[in-house]
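The structure under discussion appears below in the form of structure tokens.
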Amino acid sequence: MPVRGDHARPCANTRTHSLTRRTVIPTSKPLDISMSISRPEGTKHLTQAQVAQFVNDGFVIVPGLVDPDRVRAGLKELKNKTGIVPDESKTWPTDKNGMHVTQEGIAIDRTMCISPKLKAIVRELAGPAVTNEPGLSPILRFPQPGPKQFEPGGAHIDGTRQGNGLTVYPTHFLLLVMAYLTDTDAHDGAFTVWPGSPRQVFSWAYTNNIDLGEKWRTTGSTGAPDIPLNDPIPVVARAGDVAICHYLMVHASSANRGDHVRVGFHGWLRATPEYQYVPKTGPPQTDWTPLDWILRTDNLQ
């Protein structure tokens, strides 16, 4: 079931993967923030429901966070630098499924989609150390022939590429952001998430003392760990909506079977250079951020 910015729901279905090693898959008590506090201190720009979605699902969709002027400016910049217009097929390359614009060597203003409200919200989710560096850059998904249905790509975790690989607790990569500049349905190349995966990955790795960076260091793979996860869902949204994810989010791209280029500005928001995360202990406190809630250990069973 697709999730939309205005009425997001967690996916209840689960599927079980075979495990490559004998491990314990822990369970935890419900991460219902209303059990302890109404919402974490300082989350003024998010509703209680949005905070709960981030804590339980590992992501939140904020509608209209990129205002129309910024959306228009982003699409204009894309056209000026690449010649690509999302709804004009004659401007599309014929040899690509997707395109990461900055990796193609094309300079784009990576701050144009970072609104003042987005700056405030990411700090509310992850603390004052989170910066807006290095910004967001365009990732495009071009229409390809095929049935108009949701077709997710390979599940992975971006943070596995940082330094010596992913760690259970954050080092400098705190949040993954996808800002839509085009309306996107489930079959339009939607950004894809595995809801609840940050908590599932953390619980598994913490309980079993798993080195999350081992796969990256030995094989170069960013693939998700082979543990039971909820089914993937497409993030269906309108231009200007933004998905903000925990750094342990299992996610993927998906096939674009629509009639326009899906334009998303994507990026990792990092902490300041001197940042050192201090693991939290015991039950949640009022000064915990929503990111801290996902990393709680007192209720692992």
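The values are calculated or read from the model by the stated rules, or taken from the named source; none is laboratory data. What you see is a predicted model, and the numbers here were worked out from it, not measured in a lab. Backbone-built Cβ (ideal geometry, glycine too); neighbour counts: all protein chains shown.
Just to be sure before I move on: is residue 147 exposed (fewer than 15 other Cβ atoms within 10 Å of the Cβ), over 30 Å from residue 85 (Cα atoms) and at pLDDT 90 or above in the structure I sent? Answer is no for this residue.
Would region 196-209 turn up any residue that is over 18 Å from the mean Cα position of the chain (by Cα) and without any contact (Cβ under 8 Å) to a residue 60 or more places away in the chain?
yes
Note on region 265-300: residues that are within 22 Å of residue 133 (Cβ to Cβ) and either loosely packed, with under 14 Cβ neighbours inside 10 Å or of a type in the set (S, T, N, Q) (or both) total 6. In region 97-129, the residue that is modelled with the highest pLDDT out of those that are of a type in the set (Asp, Glu) and assigned to a helix (DSSP H, G or I) is 124. From the list 63, 128, the one residue that fits, being without any contact (Cβ under 8 Å) to a residue 40 or more places away in the chain and under 29 Å from residue 287 (Cα atoms), is 128. For region 213-238, give me the residue count where each residue is assigned to a loop (DSSP other than H, G, I, E, B), surrounded by fewer than 20 Cβ atoms within 10 Å (Cβ to Cβ) and not acidic (Asp, Glu). Of the residues in region 213-238, 6 are assigned to a loop (DSSP other than H, G, I, E, B), surrounded by fewer than 20 Cβ atoms within 10 Å (Cβ to Cβ) and not acidic (Asp, Glu). Do we find a residue being within 15 Å of the chain's Cα centre (by Cα), touching a residue at least 12 places away in the same chain (Cβ under 8 Å) and more than 21 Å from residue 63 (Cβ to Cβ) anywhere in region 131-148? The answer is yes, given that some residue of region 131-148 is within 15 Å of the chain's Cα centre (by Cα), touching a residue at least 12 places away in the same chain (Cβ under 8 Å) and more than 21 Å from residue 63 (Cβ to Cβ).
The residues listed here are 206, 247, 180; of these, the one that is out of contact with any Pro (no Cβ under 6 Å at 6 or more places or on another chain), over 15 Å from residue 153 (Cβ atoms), buried (at least 24 other Cβ atoms within 10 Å of the Cβ) and of a type in the set (Ser, Thr, Tyr) is 180.
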